[in-house]
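Asker: Take this structure first; my questions come after.
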Amino acid sequence: MYARELFVEAASEAFERCPNLSPRRDIDGLFVGQMSESYEHQAHVAPMISDWVGLLPVPAYRTEAACASSGVAMRCAIYAIQSGMHDIVLVGGVEKMTNRRTATVTENLGMASDFPFEQWHGITFPGIFGMMATAHMAKYGTTEEQLAKVAVKNHENGMLNPKAHLQKKITVSDVLSSRPVASPLKLYDCSLISDGASCIVLTNPKLAKKFTDTPVHIVGSGQAQDTLGLFERDDITTMNVTKLAAKQAYEMAKTDAKHVDVAEVHDCFTIAEIMAYEALGLCKEGAGGKLIDDGITNLGGRIPVNTSGGLKAKGHPVGATGTAQACEVFLQLTGQAGGRQVKGAEMALTQNIGGSASTAVVQIYSRGD
Amino acid sequence: MAATPAPTIENFYKFCAEKRLMGVTCTGCKKVIVPPRSLCPQCGSSDMKWTQLPSKGKLVTYTVIHVSPAQFQELSPYAVGIVEFGKGVRLPGMIRNVKLENLKIGMELQTDFEVTIPTEWPRWPRYFFTQS
């Protein structure tokens, strides 16, 4: 299936879940995140997707922020609703990736790093995160086994998600013996090359009541930017951009990490999940490895992370990832997450990063009933 | 090269063709900036002077790349890293002629330059790092 077809599938499910909504009558805007035109040789996708989901001629926007493309689309949609210029919008993301060879996908994803100083010198995206992992391990003593445990956990969760790209249980030794990609990262430390789309219907709280008795509210939202190049940052063992976005989101929601019941974080590589724990305040700086060791983020732990399987097992169609995280926490907060349901979840968090964490979007959600 | 070439990426690589790794110093706040820019990210000044970076620096981090884009596949596996030439003055690049098992954070590396200039855009001669 191509991007437009994938998006129609996601939109159809969103509409089914909202039976009182008449999309053609009610939706007055579309925001779509997509990273790359390269896979399908197709630019100007907003009107195309609008047409295919039956929303012409309402304004349609495409946002690009690498792997945070639809996280940023959500932010734009929030502005649209909050400004009063739009009432009900469709927000989503899409990426079609599997039609290209791995070397081409590696090159396409690499475009989100600095061209003259990173790409030009053979630095790939796994390479960027490999460099972060090397530095994090040297500074904090984080181990390859701890990284592997992130993959094992997320694969286990993925087994409980019928929509996960990979339904496969793995062990720490499977991860450690998988082939090297960019040291210390191995194949099973890396997220998947996937096709996929995701979307949500966003409106204001007053209108939401017309459509459902159990809305999910976005109660906090934050976004921050950092340099494009990893080398231009003073400290590469922390994700400053996630800290800044989280601070905004926690303040807006008048809450903190202790009150989050379930989270979807951007595990494009296992090290990224460890660094997300630290930047979101789930643990102290440098203690991310211990958090996974202690099982705190497992299903059944104090704060389950990536119940969907994460980018690691659910898959990472990059443009779709931000809103896919929102979909997972929607299911969690409305008690529809099946075998991976976190009992009594009332507050959730998503963290979506773009590139080497040059963009971060953090959102906090609460159950609306 | 002209006496005062503009602080651009193009000119950074022209210096590389002369085997010189150059940044700029902001005359407003004295920050050394590499890659060169015309607007200081620290103080906003646009008065820049070219500055040669030290020939040696320290390895901040590294990775060995096994899965690479098509144009680098012949070199695979190869090492890349970030080298620091002074406080906050860092460049990433390929690390050559160092046994992969000998790579270590903090090791001293020195800059060298490729002799061949690529024939197609962007025709930038690559610098790289090697054991000093």
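Asker: Taking only segment A:94-127 into account, find how many residues are free of Cβ contacts under 8 Å to residues at least 24 places away in the same chain, part of a helix (DSSP H, G or I) and facing chain B (nearest Cβ under 7 Å).
Answerer: 6
Asker: Could you please find all residues in segment A:128-164 being aliphatic (A, V, I, L, M), touching a residue at least 40 places away in the same chain (Cβ under 8 Å) and either in contact with a Phe, Trp or Tyr (Cβ under 6 Å, 6 or more places away or on another chain) or under 19 Å from residue A:231 (Cβ atoms) (or both)?
Answerer: A:128, A:131, A:132, A:133, A:135, A:137, A:151
Asker: Can you work out which of the residues in segment B:10-44 that are assigned to a loop (DSSP other than H, G, I, E, B) and among the β-branched types (Val, Ile, Thr) is surrounded by the most Cβ atoms within 10 Å (Cβ to Cβ)?
Answerer: Ranking the qualifying residues of segment B:10-44, first place goes to B:34.
Asker: Residue B:51 versus (1) part of a strand (DSSP E or B); (2) touching a Gly at 6+ places or on another chain (Cβ under 8 Å); (3) crowded, with 19+ Cβ neighbours inside 10 Å: which is the lone unmet condition?
Answerer: It is condition (3) that residue B:51 fails.
Asker: Right, something else. Those residues that are of a type in the set (Lys, Arg) and closer than 16 Å to residue B:67 by Cα, I need them from segment A:163-198; list them, please.
Answerer: A:179, A:186
Asker: Okay, moving on. How many of the residues in segment A:224-260 are away from chain B (no Cβ under 14 Å), buried (at least 22 other Cβ atoms within 10 Å of the Cβ) and not in a helix (DSSP H, G or I)?
Answerer: So the count comes out to 2.
Asker: So, in segment A:1-50, how many residues would count as being of a type outside the set (Ser, Thr, Tyr) and not in a helix (DSSP H, G or I)?
Answerer: Count: 21.
Asker: Kindly provide the set of residues from segment A:128-145 that are part of a helix (DSSP H, G or I) and either over 22 Å from residue A:359 (Cα atoms) or at pLDDT below 95 (or both), ordered by number.
Answerer: A:137, A:138, A:139, A:140, A:144, A:145
Asker: For segment B:85-94, enumerate the residues that are at the interface with another protein chain (Cβ under 9 Å from one of its Cβ atoms) and part of a strand (DSSP E or B).
Answerer: B:90, B:91, B:92, B:93, B:94 - these are the residues of segment B:85-94 that are at the interface with another protein chain (Cβ under 9 Å from one of its Cβ atoms) and part of a strand (DSSP E or B).
Asker: Report whether or not residue A:248 is of a type outside the set (Val, Ile, Thr), assigned by TED's automatic domain parsing to the domain that holds residue A:129 and under 30 Å from residue A:181 (Cβ atoms).
Answerer: no
Asker: Further, regarding this structure: Before we move on, is residue B:101 more than 12 Å from chain A (Cβ to nearest Cβ), surrounded by fewer than 13 Cβ atoms within 10 Å (Cβ to Cβ) and not in a strand (DSSP E or B)?
Answerer: Taking the combined requirement at face value, the residue does not satisfy it.
Asker: Of A:295, A:286, A:310, A:322, which residue is at pLDDT 95 or above and more than 18 Å from residue A:147 (Cβ to Cβ)?
Answerer: None of the others qualify; the one that does is A:322.
Asker: Run residue A:180 past the list (1) more than 14 Å from chain B (Cβ to nearest Cβ); (2) buried (at least 17 other Cβ atoms within 10 Å of the Cβ); (3) under 30 Å from residue B:101 (Cα atoms) and report the number of the one that doesn't hold.
Answerer: Result: residue A:180 passes all but (1).
Asker: Let me ask another. Can you confirm whether residue A:172 is of a type in the set (A, V, I, L, M), touching an Asp or Glu at 6+ places or on another chain (Cβ under 9 Å) and under 21 Å from residue A:135 (Cα atoms)?
Answerer: Here the answer is no, as residue A:172 does not meet what is asked.
The values are calculated or read from the model by the stated rules, or taken from the named source; none is laboratory data. All values derive from a computational prediction rather than experimental measurement. Neighbour counts are summed over all protein chains in view; Cβ atoms, including those assigned to glycine, are modelled from backbone coordinates with ideal geometry.
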